Amino acid sequence: MAASKITKDVFGTLPDGREVERIVLRGEGGFEARIITHGAVLQALIAPDAKGRHDDVVLGHDAFAGYLAERKFFGATVGRYANRIAKGQFSLERETVQLAVNNGPNALHGGLDGFDRKLWQVAEIDDGAAPAVTLTYTSPHGEENYPGKLDVCLSYRVTGPTELSLTMEARTDRPTIVNLTNHSFFNLEGATSGTPILDHTLTVAAEHFLAIDPTAIPLPGPPRSVAGTPFDFREPRAVGERIRQSDEQLRNGRGYDHTYCLARDGKLTLAARLEAPRSGRIMELFTDQPGLQVYSGNYLDGTISGKGGKLIRQSDAMCLEPHIWPDAPNRPDFPSPRLDPGQVYRHHTVYRIAVRTP
C-alpha cells in the first residue's frame, strides 16, 4: 500500500476550546504544504533548494499562539475584501455601505475580524495522486457590515512535484462584493535564513501599475506605465535595486506596496517569477486574477518574532497577492468585485517552485 500523502493533527486550540487542525499535503522529494484551519492559513511550504536542502519558504509561526496573538496575515486567506477600500465606504443597490475603518482612513483586508481570523471547516480531504484539502466558511449577512450571506469554499492541492494550487469560490444570497487572496510572505532563501529579499530577482508580467496616495488608495485616472520607473519588472531585476530611489510612489508605499495590472481575460497565466540567488529556488506564480499586489514587507518592524524565534524585520519577505484591484467598489473603471445571486466568484492561483540549473 502506498504511503499516505496527507496527515492531519491538532495545531492549537482557540480560547473557546475549538480545535485548530493542521493538514499536511505532500508532493515529491520532500515538498510539503501545511495548512491550518484558523484563517485557512498556509502555515508552511517546504521546498528543496539547488543542493537538495529543504527549507520552509513562508514566514509565520511555529506554534498557534503566534497567529492568535498578532494579526499580521502570515499565510492567511484574506476577505471579504482584500486590500483597501477608501474611507471604508461604497455604494451598492443605491445604498451606502459603511465598513470598519482599520487602516488609517480606509478599510483593509476585510475589517476588524476578517476571514483570516475565522475558523474554517474541513469539508473534504483527497488523498489521491494530487493530494488536497477543501475548507469552507460561511460569512453571515452583515458580518463586518458586508451585505449578503457568503458561502466560501477553497482548496489547496498539490498539482505537481513541487507545485501548490489554490482555488477559491464564493456564492451569495444577495448582491455583495467579494475579493479574496492568499497573503503569504515568501523568502526563498528560507523563513529563518535571516536574509532579506532585496537581492531576490523579481519579474512581473505587467506593463502598468496603480499609483497610490499616501494612504495607499489608487489615484484618479488610468493605471500608469511602468516604463522608466522603479516599478518596471518586465525584465528580471533585484527587488532592492531601485527600492531606495527618490520616487513619490516608493515614498507613498514605503517601498513596493502596489497593484500591478494583469491581463483581464480570466485565464490562468504567468504573473510573476521570484528567484533567490543563494538557494537557487525559483517560484513562478500563475493566476487568473486581474491584479497582483507586490509588497516588499515594508511594515515588518521587528516587534514580533516568527519561526525559529527570529525577529521579523522590514524586507524579510515579499508578498505576491493576486486579487481584484483595491478600491474597485468605488471605481467603475476598475474590474468589478460585484457578486450577485446565481453567480460564482472564482479565483485560481498556482505556486510552482523549481531550482536554478547550472
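Laboratory data are not the source of any read-out in this text; all were calculated from the coordinates shown. Quick caveat: nothing in here was measured; it's all calculated off a predicted structure. Methodologically, a virtual Cβ is constructed for each residue, glycine included, from the backbone with ideal geometry; neighbour enumeration extends over all protein chains shown.
Rounded to 0.05, the FRET efficiency of the LEU14 and GLU169 pair, given R0 = 25 Å and the Cβ-Cβ distance, is 0.45.
Taking each residue as 0.36 nm, the span from SER4 to ARG117 lengthens on full extension beyond its C-alpha to C-alpha distance by 37.7 nm. Using a simple spin-label model with pseudo-atoms 7 Å out from Cα toward Cβ, THR269 and ALA130 lie 2.2 nm apart. Taking label points 7 Å from Cα along the Cα-to-Cβ direction, ALA50 and ARG242 give a separation of 2.6 nm.
Sorting the segments 19-25, 120-126, 193-199, 318-324 by their residues' average number of neighbouring beta-carbon atoms within 10 angstrom, most packed first, yields 318-324, 19-25, 193-199, 120-126.
Give me the percent relative contact order of the chain, please, defined on Cα pairs under 8 angstrom at least 6 residues apart.
On the way: 940 pairs, mean separation 63.6, N = 358.
Relative contact order here is 18 percent.
Between ASP151 and ASP199, what FRET efficiency comes out of the Förster formula 1/(1 + (r/R0)^6) with R0 = 56 Å and r the beta carbon distance, rounded to 0.05? Walk me through the numbers before you get to the answer.
Working: r = 43 Å, r/R0 = 0.77.
E(calc), rounded to 0.05, equals 0.85.
By the helix-only formula, in which each DSSP H run with n ≥ 4 contributes -39500 (n - 2.57) and the sum is divided by residues, the chain has a 222 nm mean residue ellipticity of -1000 deg cm²/dmol.
At full extension, ALA69 and THR192 could sit 42.3 nm farther apart than now, given 0.36 nm per residue minus the alpha carbon distance. Mean-square fluctuations from a GNM of the chain, with a 10 angstrom spring cutoff on Cα atoms, peak among LEU292, LEU150, LEU112 at LEU112. Put a dot 7 Å past the Cα of ARG313, heading toward its Cβ, do the same for ASN298, and the two dots end up 1.9 nm apart.
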